[in-house]
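One structure is given here, and the rest of the page talks about it.
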Ligand SMILES: [Zn+2]
């Protein structure tokens with residue numbers, strides 16, 4: 001299905017974007033910060049197409065042999081992304097700020113949806129996209145408990161087995177600092193963007209989806225009530241049609257649950273190192 005997107009120019013709030021250009025909703029968070037899953041939540045809305053992280057598309061890590069698209073095809077063989085790549089090829093040599101609006105436009109046309117949900121785990125990229133005057137963009141800063149993020153980082157790919165004793169504590173301190181810096185940069189970006197940005201508390205989304213999605217829905221002028229009802233009923237959400245680079249957990253039906261594994265997994269010393277870093281930096 002393809003839609004025709006008009007090319008009229010409109011100016012609003014110092015931002016020049018094509019009136020018919022898709023709305024880009026950028027979910028930004030530190031790694032393990034629930035940005036991908038939050039984009040899948042919004043992607044339950046029929047106007048929204050969640051892409052997964054499009055950093056340096058198509059030369060980033062999205063399209064690689066062995067890397068699956070959420071349609072379960074290999075990312076190199078997925079017909080949707082092949083079509084996007086073919087149409088985007090003439091633009092890839094352009095400067096970054098000029099080419100990326102073409103990418104979002106092509107994805108909108110190929111998917112037939114006028115809202116694209118992208119993900120940024122890199123604060124530099126969140127800043128670059130948010131400041132690009134050619135994009136019609138809204139930033140959603142996803143907030144998740146720092147201990148849950150640091151714990152996930154420590155246990156990612158069995159790093160916990162490689163680092164024992166004091167080295168593990170050193171890693172806890174570094175991961176905590178990195179997470180805090182990330183949050184601080186995204187907070188500054190939120191302040192800079194004013195009404196074009198909001199924060200989304202992931203714990204609230206899990207525990208009170210009606211309240212959380214009412215806020216997100218108002219921000220984006222979308223009715224997200226049916227999605228909130230689905231999460232509240234404990235029903236799994238459908239995976240996005242063609243999402244790249246999401247975790248394996250987002251490949252099949254998606255359950256929205258708060259990540260409190262850190263309560264069981266973090267050692268006393270790791271939790272102490274987290275709290276001391278928070279208090280002293
Ligand atoms: Zn696919």
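Each value in this text was obtained by applying a stated rule to the coordinates, not by laboratory testing. This one's a predicted model, so the numbers in the text were calculated from it and none came from an experiment. Heads up, the Cβs are rebuilt from the backbone with ideal geometry, glycines too, and the neighbour counts pull from every protein chain shown.
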Nearest-0.05 FRET efficiency for residue 253 and residue 73 at R0 = 22 Å, using Cβ-Cβ distance, is 0.75
Tell me the angle of helix 209-220 to the major Cα principal axis of the chain, expressed in degrees between 0 and 90 and rounded to the nearest ten. 40 degrees
re the stretch 93-178: pairs of Cα atoms spaced beyond 19 Å account for a percent value of 57 percent
Quick check: from the Cα gyration tensor, does the stretch 176-239 come out rounded (a/c under 1.5), prolate or oblate? oblate
Residue 99-residue 188 pseudo-label distance in nm [points 7 Å out on the Cα-to-Cβ vector]: 2.8 nm
Can you give the FRET efficiency for residue 92 and residue 268, using 1/(1 + (r/R0)^6), R0 = 41 Å, r = Cβ-Cβ distance, to the nearest 0.05? 0.20
Once both labels are modelled 7 Å past Cα along the beta-carbon direction, what's the residue 61-residue 260 spacing in nm? 3.0 nm
At residue 211 and residue 276, where each label point lies 7 Å from the Cα along Cα→Cβ, what is the point-to-point distance in nanometres? 3.5 nm
By Cβ neighbour count within 10 Å, fewest first, 258, 202 rank 258, 202
Between the helical axis of 165-193 and the dominant principal axis of the chain, each derived from Cα atoms, what acute angle in degrees is found, rounded to the nearest 10? 40 degrees
Taking 0.36 nm per residue of separation between residue 122 and residue 198 and subtracting their Cα-Cα distance, the length gained on full extension comes to 25.6 nm
Per DSSP helix of 4 or more residues, -39500 (n - 2.57); summed, then divided by the residues of the chain. What does that give at 222 nm, rounded to the nearest 500? -13500 deg cm²/dmol
Evaluated at 10 °C and 1.306 mPa s, the Stokes-Einstein D of the chain based on the Kirkwood radius over Cα pairs, in µm²/s, stands at 81 µm²/s
Sort out for me the Cα centre separation of the stretch 104-135 from the stretch 18-75, rounded to whole Å. 9 Å
Shape category assigned to the stretch 136-265 from the gyration tensor of Cα positions, a/c cut at 1.5: oblate
